[in-house]
Amino acid sequence: QVQLVESGGGLVQAGGSLRLPCAASGSISSINAMAWYRQAPGKQRELVAQITSGGITNYADSVKGRFTISRINAKNTVYLQMNSLKPEDTAVYYCNADEGYYRNYYWGQGTQVTVSS
């Protein structure tokens, strides 16, 4: 089992920045990858950024060059640094962990990000 706690959401003007931390606890040694997803009203949940246990990162085309995912192993925390935010980035952001041989997926409770124009 993996528990995930997100924070750092809020209201920001277009062009601004936010950093979203996600703290993991539990079976963290068997985590294969961690990621951030987002879901806007009326839309499907989509992958924003992912980082594997080996440090390989992957980004949605819509956030490349603006968002950065990073990990501090000693703190069991993953960060999503979001710069040059746009109104279309408004969504609930969810932290995700892919754990174990059978690829169990765990989710945080979500944090709201609102970007005003």
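The values are calculated or read from the model by the stated rules, or taken from the named source; none is laboratory data. From a predicted model like this one, the values you see are computed outputs, not experimental measurements. Every residue, glycine as well, gets a Cβ built from its backbone with ideal geometry; the counts of neighbours run over all protein chains shown. Each accessible area value is taken on the protein alone, full model and side chains, heavy atoms only, with ligands, DNA and RNA left out. Shrake-Rupley method; radii C 1.70, N 1.55, O 1.52, S 1.80 Å.
Of the listed peptides 39-46, 76-83, 106-113, what is their order by residue-averaged count of other C-beta atoms within 10 Å, with the highest listed first?
Values: 39-46: 10.4, 76-83: 19.8, 106-113: 17.0.
Ranking, from highest mean packing down: 76-83, 106-113, 39-46.
Give the carbon-plus-sulfur fraction of the accessible surface of segment 18-117 in %, rounded to a whole number; probe 1.4 Å, heavy atoms of protein chains only.
Working: 2520 of 5270 Å².
After summing per-atom areas, the C and S share lands at 48 percent.
Enumerate the residues in segment 51-85 having an amide nitrogen under 12 Å from the point lying 7 Å beyond the Cα of residue 40 toward its Cβ.
62-63, by backbone N distance to the label point.
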